[in-house]
Amino acid sequence: MVCESWKAKLDTYVDGELPEQEMRAFDAHVRSCPACSADALARVQMKRAIQVAGKRFTPSAEFRNRIQKSIASKPQRRFRLGWMLAALAAVVLVVGTLTSAYLGSRSGRDQVFSEIADLHVAALASPSPVDVISTDRHTVKPWFQGKIPFAFNLPELQNSDFSLVGGRMVYLEQAPGAHLIYDVRKHHISVLVFQERSLPASLDRSPKKLPFNMETWSQGGLRYFVISDASAADIDRLAKLFKAAS
Amino acid sequence: MFYHVGVSGVDLQPASFEELAIPLFDQLYNFAHWLTQNREEAEDLVQETYAKALKGFSSFQLGTNFRAWMYRILRNTFLTSRTGLKATMTVPLDPEEDGPELAVDHETPETLLFERSNRELLQSAIDELPVHFREILLLCEVEEMSYQEISETLSVPIGTVMSRLSRARKTLRDRLRRPQPQVGAATAAITKGTKHGL
């Protein structure tokens, strides 16, 4: 019976989490009590066994590379953009207005793609990624009425792997647009739609390097972006559905 | 600006997200696999965790525990996933209060365990634990987190960490105490007895 108060704290003792004074008192008790000593030893052995058994799963090299690439690309992009802007300033001074106009459009294009990537990640990181939650395109499309200055069609998804999660209104280059989120096999895909005239020209060339797969095209005066960590094939299939619906 | 945070304090070396997060990759994956019990879902969970953490890195507070922050993101992502919702909905949380564990039997689960030297037995018993017991046990024993770190990771008070950990261990010990499969015909019958519901 004397040991019961000690035993209640035995786990905390073997975890080394008792206050210093209690720890010393417990040490003294364990040295003089064979029952508590055996119990403490058994629990330490159990801790070690769980530690060994718990280190059970190892990620594949391919998955490790994928994660490393996905998180390494972000700072590199910032660095490259900063370097490009500095280089741009120097070239502007030396070469003149024609060259500066060309580089300005290129920089603007990269900026747009970066902002699209940011909008995609920000939505997924948000506790409420969409403002209208529905798998029904006939609910999501009308929700945008009066919120954005254009209309667009959402594709029929029957017999496809895609499912609509919902939508929200976003801004790009200070112009309003629609942000739709789709799921395909646990991956989230963002489809963003803006008026072409509100964006920089020459967006048709895909970005050289982004941490995501992306496809963009212009149709009926609207600019579409499809972006995700899903495969390029999935993105292409969803893009084709949109092209067919528009 | 972020800095490498060492055991002895704060070094004045700026640390990138990659430098801080990549060393945690193996252990985060191991933890994710234990939670999801599925390789593909574990990969999706880790990938989503890294994407969210990278995006939110600017809001990470200097001087706070980066490891606990990463585990918290992973766990919260898991809890809102389909598998996580299913795991938490099908296993209701017990009250946190629990009486002290009393005297040790002559033949303890530990002695039985080590006599069998059976790591698979232990892994299987951990697998069968409810997710809130499984996660706290792994954070304490495998990740060797302090009670304070576990408290930050799970967003619960330290008192809850202590009581939940105690009940997790008790549940594990109870499961190990039950008869284990031996050989031949006896195996099926005994297995049926150990594969009880949660």
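Laboratory data are not the source of any read-out in this text; all were calculated from the coordinates shown. Keep in mind that what you see is a predicted model, and the values were worked out from it rather than measured. So basically every Cβ, Gly included, is an ideal-geometry build from the backbone, and we count neighbours across all protein chains shown.
From least to most packed, judged by other beta carbons within 10 angstrom and beginning with the fewest, A:Cys36, B:Cys140, A:Cys3 follow the order A:Cys3, A:Cys36, B:Cys140. Model label points for A:Ile133 and A:Glu4, set 7 angstrom from Cα along the Cα-to-Cβ axis, are 4.9 nm apart. Go through A:Lys186/B:Lys55; A:Lys186/B:Lys52; A:Lys240/B:Lys52 and tell me which ones have a Cα-Cα distance over 23 Å in this structure. Check vs 23 Å cut-off fails for A:Lys240/B:Lys52. Spin-label model, A:Ser231/A:Gln145: points 7 Å from Cα along the beta carbon direction are separated by 3.9 nm.
Within the straight-line cut-off of under 14 Å between alpha carbons, the aspartates and glutamates reachable from B:Lys86 are B:Glu41, sequence neighbours fewer than 8 places apart in one chain being disregarded.
If the segment from A:Val52 to A:Ser202 were pulled out straight at 0.36 nm per residue, it would be longer than the present Cα-Cα gap by 48.3 nm. Taking 0.36 nm per residue of sequence separation and removing the Cα-Cα distance, the A:Ser126/A:Glu22 pair yields an extension gain of 33.0 nm.
A simple rule links phi to the HN-Hα coupling: the Karplus curve 6.51 cos²θ - 1.76 cosθ + 1.60 with θ = phi - 60°, which for segment A:165-179 gives 9, x, x, 7, 8, 9, 10, 9, 6, 6, 10, x, x, 9, 10 Hz, with x for Gly and Pro. Counting, for every residue in B:41-54, the Cβ atoms of other protein chains within 10 Å of its Cβ and taking the mean gives 5. Residue by residue, segment B:145-153 carries 3J(HN,Hα) couplings of 7, 6, 4, 5, 5, 5, 4, 5, 5 Hz when phi is fed to the Karplus relation 6.51 cos²θ - 1.76 cosθ + 1.60 (θ = phi - 60°); x denotes Gly or Pro.
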